[in-house]
Amino acid sequence: MSYVPPPFPADPAFTTPPLKPKNWLTENIAATVLGLFCCCGINAITGIIGIVFSTQVDNKYNAGDYPGAESAANTAKIMFYVTAGLVALGLIINIVSFFIYGGLMYNQLHNDYRI
């Protein structure tokens, strides 16, 4: 029987870092701005939280905190989807209320002025 030495641990200088996760910054900014101009501003809260976590992705990755960068990217993605969902809900509510109240106002004007 011959002796086989244990394998050497990988040298950290020669290991390649994992791929940088997507930071979702553009999507969070677009959803936040669209929400501010099209709907009520309640979705700005989740949008700003998403922007903060999006900026943390690059900082943590460059510092070598790869699990932290991945966690920040996942949180930024979730905040983007929440913000986009609130924007869609706000747009639907605005469209429905436009047709309901617009029809009521037209009917009132029609009755008042006998158009």
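Each value in this text was obtained by applying a stated rule to the coordinates, not by laboratory testing. The model shown is predicted, which means the values in this text are computed figures rather than measured ones. Every residue, glycine as well, gets a Cβ built from its backbone with ideal geometry; the counts of neighbours run over all protein chains shown.
Structure above, values below:
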{"item": "Value at 222 nm in deg cm²/dmol, rounded to 500, when DSSP H runs of n ≥ 4 in the chain each add -39,500 (n - 2.57)", "result": "-25500 deg cm²/dmol"}
{"item": "Relative pair counts by distance (%), Cα atoms of the chain, 10 Å bins", "result": "14, 25, 18, 14, 11, 8, 5, 2, 1, 1, 0"}
{"item": "Cβ-Cβ FRET estimate between Ala88 and Ile29, R0 fixed at 25 Å, reported to 0.05", "result": "0.90"}
{"item": "FRET efficiency, Ile78 to Gln108 (Cβ-Cβ, R0 30 Å, nearest 0.05)", "result": "0.10"}
{"item": "Cleavage-rule hits (chymotrypsin sites (Phe, Trp or Tyr not before Pro)) in segment 1-98: DSSP loop, at most 13 neighbouring Cβ within 10 angstrom", "result": "Tyr3, Phe14"}
